[in-house]
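Please read the structure below before turning to the comments.
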Amino acid sequence: MELVIDRITKQFKNKIAVDHVSLKLKEGVYGLLGANGAGKTTLMRMMCGLMVPDSGTIALDGISMEEEQYRDVLGYLPQDFGYYPDFTALEFLMYMASLKGIPKIRAKEKTAMLLEQVNLKDVAKKKIKTYSGGMKQRLGIAQALLNNPNLLVLDEPTAGLDPKERVKFRNMISELGKDRIVLLSTHIVSDVEYIADYIMVMKKGTIIHKGAREDILKSIDGKVWECVVPEKTALDLERKFPVINIRNEKEGIFLRLVCEHMPYETASICTASLEDLYLYYFSDEISEGEGQP
Amino acid sequence: MRELLNLIKFEYYKMFKKKSLWFILAGLFGLSMLGSVAMLLGNTYDMEGEVTGTRYEEMQAERKNARALGGRTIDAALIQEVQEAYRSYFSQAEEISDEEEKEKLYEDTVKKYEPIMEILSQVYTGSYNSQEFILDLTEDDRNQFYETLKQKQKQLWEEYFFLTKEEESKLLDYQQQIKTPFIYNYGAGWMRYEILLYSLSVFLMLALAICLAPVFGGEYTSKMDALILSSKYGKSKVIQAKLIMAVTFTIGVTTVLLGIQLLEIMLIYGADGWKNPIQFWSLTQIVFPFNQIEAIGIYVLCVILAVLFLTAIVSLLSAKLKSPFGVIVICFMVIIIPMFLDIPEQYRMLNSIYRLLPICMTQEWNVFCHYMYGINNVIVPTYIFIPLFALAAVVLLNIWAFKVFKKHQVA
Amino acid sequence: MNLSDNRKIVKLVKESYEPLVPKNKPDFLKKAEYPKLSFKEFFIGQIQYIRLRTWLVSILLFVSALFIIELSSFYNMNVSAIKAASAFVPFFVLAAVAETARSKQYGMKELEMTCRFSFGTLLLVKMILLGILNLLLLSGCSIFLRFQTDIKLFRIGIYLLVPFLLTCNLTLILASLFKSREITYFCGFVCGIVSVSCLFTDALVIDIYSAKYDVYWLLSVGVLMLVLVQKIVQIIKNSGGILWNLSLTG
């Protein structure tokens, strides 16, 4: 199984949301990391046939994304998940099953199984409008899995889930990733860290980094530092470098930051994590967001 | 096929889950019931303002009188009979000063001939309720009743309409086909139904615009468009199901509503007069050779197709606009504004286009009007063109709506 | 001493003395209490938050109404022009309904309920602003009709107020009965019915626009106004709480 994304581009007026992205994805879990506005959702929407690319093609085992066959093996959970408020979870899943072309008897079995899997069995006959945010999200995940998709696209799937639910979700995705392509985007770096076999970092419409976790972390190997500094120095370092962690301690201000060279005489080098990488690549966007020079 | 039926079932399910739909349908049926009986509510009054009875009793009395004349041929003999009755009334009334006595005399002598007088008045004077003319009719006038009618019809279309030679020729053909002499029967029920069809169509269109505005627009506002369009049937069978649901819902509601209205009116007024010529609606204006039931059938067909035409517009707007509210406002304007507008008939092209608007298609004076559609010698009357045009428009607009939703990009 | 002398002195002082360097300005600014918005400022400020489309739709409806009044060319000119205006008046209400339902539609109600000028106040302000807009439009229609017909302005006013107030009341009653998102559809239907009913007054046996029925029109205006005020007070009172659902346990 192979999903080929070939030089996909999408432009909105003056902004290029996705800029000539090319990818080849086989079975496994792929994490898509990027700041807000990086183009992740646009890329995912194009993969699901919800947006027409300005140029380029997307095909799964040679089947173009415009064809019904492609959508037959696609499961999608959007970032802003819509539903009919007066439907119960059961009715909603049965409806989605009919959209996905699943026969009624099979749909009933699958619906029951999925509701149990996402822990909504007890509230299956309650209206969705009475659900909490986490429950709605779980329902969204369930509908994405109805047709046993070969390609599963999840846009911010763990938003609204509590830690226990998130762990359960991670385990579910890891299981699913064994024999299908799973692409998930999230801001929760730890989710990507734990689940994804491959990580893609997206910035300003392009994939700036892709590879296995260990491989992409190599790019910031030796660049993550920890130190305890006086307050004035801390302010100075905050202005100059992306700071991952800052806290007050007795001796001064504890900083964990990303820097090409040793930022302070008593700084010590640390093992880089994915969060460090994220902040390293998106520090300028974070600074712009905070209004810092 | 099974999947499509299943999807249609879900579309209906989503529709009927809305409380607003039940409220609107209840309101619609309530209004149609009210329309049937509205003219029969209340009392009748004499000159001094005293209550003389109820409107329903008045209708019953009229019906009784009219039924007494049922089956009579409107010919020279009947006209003479009416003339003699009125002569007798007028001569006796001159000598009576008491209004009540005059009223009684009227009821005893000529009231039963009122329906026939209405017909004669239209032909001989052009108005509905002249009486004095009857005294001056000669034997020739009585014998030439139908020739006079035809002349009056021709005079009307020559003086007041902007017809082409081909249209005039066609109208003359239709005129020749009118079966004479007319046989009178009490037909108030059919005429009442014909009058109510237009107002009912307006309410029906308004209701359907509201009920069907969310057919596509609702998916955008509930953010289900992403899930639907990314599913297997999202760009094919789902859209077909929505359009089929819209069409079948429209046909169903319209048919049931018009059927209930007809049944109610027939129960109140009676089904007599179904064979009456359509000319009884307006003697000098309509020249088509139909009877009441044929004309009602044609009119109802035009109404159903006009409503379907509007539904197709609603579907297209719903697919194009991102919110049902905009659809409702635009459709309301499309329905209500033409009710005020009147494109002068001398601007034939504009007038012809105007008469093809959905609401205009439900106007009886438009369906059976003199103007025709076509080029040179190939022309068809409006009552044929309207259904054909509406049907073509429904197909084209639905195809357009299908493409619009299919191509919708979730942004 | 006049103003120009004052200015000269100020200029001289500025040139002669160095201003003191402010100390701890950011801290001071952080702790300083800023003057709060008065109710009047809040009221006026809300005008800009009413969507442009509401203003545009209302103006479009108004212009259409004037156009249609002008075009009314039936036999009985007076009555047909009033019927035409009466048919448009309910749609002014529909535009306002869509605006007042915005908070619920976009999920802003909960946030607005926690603010200083809470949801109830906001709703009242919106209703007043839109009410003023609608009254201006109604007045405009009335004045225009006065020039088109020979009916007195006062009578025209009550002929237009009745369908308007009737629609307002019916939509508010529906809004309190049906709290769902479908409220726009309910209100749309009611507007449509009132509008079309104004056009079909010919079907009535009596001529409701004749002077002898003016007392009934006036009575209707009075009753509808009272009911409207009562409904508005009730809605504002009930805008404080939200219904329990599972999301509150989440």
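So the values come out like this:
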{"read-out": "Exclusive hit being surrounded by fewer than 23 Cβ atoms within 10 Å (Cβ to Cβ), within 14 Å of chain B (Cβ to nearest Cβ) and not hydrophobic (A, V, I, L, M, F, W, C), set C:S197, C:S139", "value": "C:S197"}
{"read-out": "Any hit, the stretch A:44-51, residues being of a type outside the set (A, V, I, L, M, F, W, C) and over 18 Å from the mean Cα position of the chain (by Cα)", "value": "yes"}
{"read-out": "Selection count, the stretch B:137-146, where residues are closer than 14 Å to B:I74 by Cβ and loosely packed, with under 13 Cβ neighbours inside 10 Å", "value": "0"}
{"read-out": "Subset of the stretch B:197-240 that is more than 9 Å from every other protein chain (Cβ to nearest Cβ) and within 20 Å of B:K9 (Cα to Cα) - its residue that is modelled with the lowest pLDDT", "value": "B:G217"}
{"read-out": "Among the candidates A:K136, A:K110, residue that is within 14 Å of chain C (Cβ to nearest Cβ) and more than 14 Å from the chain's Cα centre (by Cα)", "value": "A:K136"}
{"read-out": "Residue match in the stretch A:67-90 (condition: part of a strand (DSSP E or B), more than 11 Å from chain B (Cβ to nearest Cβ) and buried (at least 24 other Cβ atoms within 10 Å of the Cβ))", "value": "no"}
{"read-out": "Failed item in (1) more than 9 Å from chain B (Cβ to nearest Cβ); (2) of a type in the set (A, V, I, L, M, F, W, C); (3) in a helix (DSSP H, G or I); (4) in contact with a helix residue (DSSP H, G or I) (Cβ under 8 Å, 6 or more places away or on another chain), with A:I58 passing the rest", "value": "(3)"}
{"read-out": "Of all residues in the stretch C:148-180 being more than 21 Å from the chain's Cα centre (by Cα), within 17 Å of C:S80 (Cα to Cα) and not hydrophobic (A, V, I, L, M, F, W, C), the one that is nearest to the other protein chains (Cβ to nearest Cβ)", "value": "C:Q148"}
{"read-out": "Filter result (touching a residue at least 24 places away in the same chain (Cβ under 8 Å), closer than 14 Å to B:G35 by Cβ and either surrounded by fewer than 17 Cβ atoms within 10 Å (Cβ to Cβ) or in contact with a strand residue (DSSP E or B) (Cβ under 6 Å, 6 or more places away or on another chain) (or both)) within the stretch B:248-263", "value": "B:I260"}
{"read-out": "Those helices (runs of 4 or more DSSP H) lying entirely in the stretch A:147-244 with at least 3 residues of a type in the set (G, A, S), closer than 26 Å to A:M113 by Cα and touching a Ser or Thr at 6+ places or on another chain (Cβ under 6 Å)", "value": "none"}
{"read-out": "Whichever residue in the stretch A:43-55 is in contact (Cβ under 8 Å) with a residue 40 or more places away in the chain and in a helix (DSSP H, G or I) and, among such residues, is farthest from the other protein chains (Cβ to nearest Cβ)", "value": "A:L43"}
{"read-out": "Meets criteria (modelled with pLDDT of 80 or more and under 30 Å from A:K129 (Cα atoms)) for C:R102", "value": "no"}
{"read-out": "Count - residues of the stretch B:65-91 that are closer than 12 Å to B:E114 by Cβ and among the basic types (K, R)", "value": "0"}
{"read-out": "Of the criteria (1) at pLDDT below 90; (2) crowded, with 17+ Cβ neighbours inside 10 Å, which one B:K150 fails", "value": "(1)"}
{"read-out": "Any hit, the stretch B:338-347, residues being of a type outside the set (D, E), more than 14 Å from every other protein chain (Cβ to nearest Cβ), assigned to a loop (DSSP other than H, G, I, E, B) and within 22 Å of C:K83 (Cβ to Cβ)", "value": "no"}
{"read-out": "Scope the stretch B:375-392; condition out of contact with any helix residue (DSSP H, G or I) (no Cβ under 7 Å at 6 or more places or on another chain) and of a type in the set (A, V, I, L, M); matching residues", "value": "B:I375, B:V378, B:V380, B:I384, B:L388, B:A392"}
{"read-out": "Residue satisfying condition, being under 28 Å from A:M51 (Cβ atoms), in contact with a Pro (Cβ under 9 Å, 6 or more places away or on another chain) and either without any contact (Cβ under 8 Å) to a residue 60 or more places away in the chain or not assigned by TED's automatic domain parsing to the domain that holds A:L50 (or both), within set A:A97, A:A142", "value": "A:A97"}
{"read-out": "Complete set of residues in the stretch B:38-54 that are away from every other protein chain (no Cβ under 13 Å) and not hydroxyl-bearing (S, T, Y)", "value": "B:D46, B:M47, B:E48, B:E50, B:V51, B:G53"}
{"read-out": "Boolean, C:K83 is surrounded by fewer than 12 Cβ atoms within 10 Å (Cβ to Cβ), basic (K, R) and either modelled with pLDDT of 80 or more or closer than 29 Å to C:I208 by Cα (or both)", "value": "no"}
{"read-out": "Qualifying residue in the stretch B:314-337 (condition: aromatic (F, W, Y), in a helix (DSSP H, G or I) and within 26 Å of B:E158 (Cα to Cα))", "value": "no"}
{"read-out": "Boolean, B:V327 is modelled with pLDDT of 95 or more, touching a helix residue (DSSP H, G or I) at 6+ places or on another chain (Cβ under 7 Å), among the β-branched types (V, I, T) and crowded, with 19+ Cβ neighbours inside 10 Å", "value": "no"}
{"read-out": "Hits in the stretch B:208-247 (condition: over 26 Å from A:K136 (Cα atoms), surrounded by 24 or more Cβ atoms within 10 Å (Cβ to Cβ) and among the small types (G, A, S))", "value": "B:A209, B:A213, B:A246"}
{"read-out": "Test: residue in the stretch B:171-191 that is of a type in the set (K, R), more than 23 Å from B:C331 (Cα to Cα) and surrounded by 15 or more Cβ atoms within 10 Å (Cβ to Cβ)", "value": "no"}
{"read-out": "Conditions (1) crowded, with 16+ Cβ neighbours inside 10 Å; (2) touching a residue at least 24 places away in the same chain (Cβ under 8 Å): number failed by B:S121", "value": "(2)"}
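The values are calculated or read from the model by the stated rules, or taken from the named source; none is laboratory data. No experiment lies behind these values; they were computed from the predicted model shown. Backbone-built Cβ (ideal geometry, glycine too); neighbour counts: all protein chains shown.
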